[in-house]
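Worksheet for the structure shown next.
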Amino acid sequence: MSSTATPPSTGDSAADVVKPGNALKRLAEGELGSVRVIVMIALIWAIFQIAEDRFLTAPNLTNLGLQVVGTGLISIGVVLVLLLGEIDLSVGAVSGLAGSVMAVLSVKHGWGPVPALLGAILVGAAIGLLQGSIATLLVIPPFIVTLAGQLGWLGAQLRVLGDTGTVNINDQTLVDLAGTFFSDGVGWTIAIVCCALLIGSAVLRQRRRVAAGLDAEPMVSIAIRTGAASIAILGATAVFNRDRGMPLAVVILVAFVVLFQWLTGRTKFGRQIYAVGGNAEAARRAGINVTRVRITVFVLASTMAAIGGIMLASRLLAVNQSSGGGDLLLLSIAGPVVAGVSLFGGRGNVWAALLGALVIGSISNGMDLLGLTSSVKYMITGAVLLVAVVIDALSRRRRVSVGRA
């Protein structure tokens, strides 16, 4: 494996999707992940709409969008760690600590919104640097290091919050992170620009492949892929505008997903992440600095956990001793796994953070509308995660049998 090896294909070519035999074969091998997840979302939405006709209303879908922002941002970092074939069990605690640091710096110490935000993000980055260095340099399984971190950062959060236990956020800038909704005109402008960039990037990529002498992607594939994405963007914008408008928080989530998708799919560092996750020893022999890659990924994961914690605190207008706790860690890890990121490393993409958050968030939102008890919600969410892991294991076995692992 070379340091310039390209990431594994996500297998979402529309040209292959329209061929039933080929599509079924690739689905069995764990490919066409995005197609599988989109079908899953459609089924979930249909089931909940039949059970509760408020599910697909504009107010509820807007709330769903806001609901998945925090976990989606945390999941972006989780995806990077999973691509290495590792796990980070501290992201929930890190998000709670970062949100608490931001609130305390703003409310109790009088810091401005920007310094408070930067302070919280730097705390997350420092935690990632510490945990990644310990796990990598001392060759300790990240599972153990981050499990210890989960307990340690929870204690640090309690210390930061102090005796009151709850800090209400009153700085308008911090509140507006999750409370800003764009007007209809601004929302449509953002949507149209996104569609234009999507189509433009697809055309530019096609031209570069042709110029490099590589096989060109069929135009029907490009048209279906970009067309479907554009319809989704415009449809979401129409739904948001029927309620309060496009949320700034959703724009932030999608922007980070696009940024990290570019980082993993279009840069040398991204290719190195896939290489290390696929076979660390082969990557090392190919000249990749495995230590640097692993530590950097853990820094990015904790940084994204901090940003997710900030958005969660902004949405709830407060932080308390339970911030970052509950089922946040489960949901942040379950989302990418459900959306097709392999637990064995080297397979998946950052879009899984968004799609997985939608799957898990839709299930949680629908169960809340139906008034199901917490016990039932936990069991159903756990069952969904177990099914996703089983599918991943079976898909990997299938790839091994055909020599594509």
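What the table shows:
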item: Flag if V257 is under 30 Å from L66 (Cα atoms) and either crowded, with 17+ Cβ neighbours inside 10 Å or free of Cβ contacts under 8 Å to residues at least 24 places away in the same chain (or both); result: yes
item: Number of the condition not met by V276 [criteria: (1) among the hydrophobic types (A, V, I, L, M, F, W, C); (2) in contact (Cβ under 8 Å) with a residue 60 or more places away in the chain; (3) surrounded by fewer than 21 Cβ atoms within 10 Å (Cβ to Cβ)]; result: (3)
item: Region 227-283 - residue that is among the basic types (K, R) and under 24 Å from R208 (Cβ atoms) and, of those, modelled with the lowest pLDDT; result: R266
item: Sole exception among (1) in contact (Cβ under 8 Å) with a residue 60 or more places away in the chain; (2) assigned to a helix (DSSP H, G or I) for D88, by number; result: (2)
item: Among the residues listed as V258, V239, the single one being within 17 Å of A353 (Cα to Cα) and of a type in the set (A, V, I, L, M, F, W, C); result: V258
item: Residue match in region 267-280 (condition: farther than 28 Å from L343 by Cα, of a type outside the set (D, E) and not in a loop (DSSP other than H, G, I, E, B)); result: no
item: Test: residue in region 118-127 that is part of a loop (DSSP other than H, G, I, E, B), in contact (Cβ under 8 Å) with a residue 12 or more places away in the chain and of a type in the set (A, V, I, L, M); result: no
item: Hits in region 273-298 - residues which are β-branched (V, I, T) and closer than 19 Å to N349 by Cα; result: I273, V276, V293, T296, V297
item: Leading residue by the ranking (farthest from the chain's Cα centre (by Cα)) among those in region 317-334 that are surrounded by 19 or more Cβ atoms within 10 Å (Cβ to Cβ) and not in a loop (DSSP other than H, G, I, E, B); result: N320
item: Test: residue in region 102-119 that is buried (at least 20 other Cβ atoms within 10 Å of the Cβ) and under 18 Å from Q150 (Cα atoms); result: no
item: Qualifying residue in region 197-212 (condition: among the small types (G, A, S), more than 27 Å from the chain's Cα centre (by Cα) and surrounded by fewer than 16 Cβ atoms within 10 Å (Cβ to Cβ)); result: yes
item: Residue in region 136-161 that is surrounded by the most Cβ atoms within 10 Å (Cβ to Cβ), counting only those that are touching a helix residue (DSSP H, G or I) at 6+ places or on another chain (Cβ under 8 Å) and assigned to a loop (DSSP other than H, G, I, E, B); result: I140
item: Criterion (without any contact (Cβ under 8 Å) to a residue 24 or more places away in the chain, within 27 Å of L83 (Cα to Cα), part of a helix (DSSP H, G or I) and not aliphatic (A, V, I, L, M)) met by exactly one of R294, R284; result: R284
item: Selection count where residues are over 29 Å from T62 (Cα atoms) and without any contact (Cβ under 8 Å) to a residue 12 or more places away in the chain, scope region 379-390; result: 1
item: Neighbours by Cβ (under 7 Å, 6+ apart or cross-chain): first from region 355-378, closer than 20 Å to V78 by Cα; second at pLDDT below 90 and part of a loop (DSSP other than H, G, I, E, B); result: L355/A339; G356/A339; V359/A339
item: Check on V220, closer than 20 Å to L64 by Cβ, of a type in the set (A, V, I, L, M) and either outside any helix (DSSP H, G or I) or out of contact with any Ser or Thr (no Cβ under 7 Å at 6 or more places or on another chain) (or both); result: no
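The values are calculated or read from the model by the stated rules, or taken from the named source; none is laboratory data. If you're wondering where the values come from, they're calculated on a predicted model, not measured in any experiment. So basically every Cβ, Gly included, is an ideal-geometry build from the backbone, and we count neighbours across all protein chains shown.
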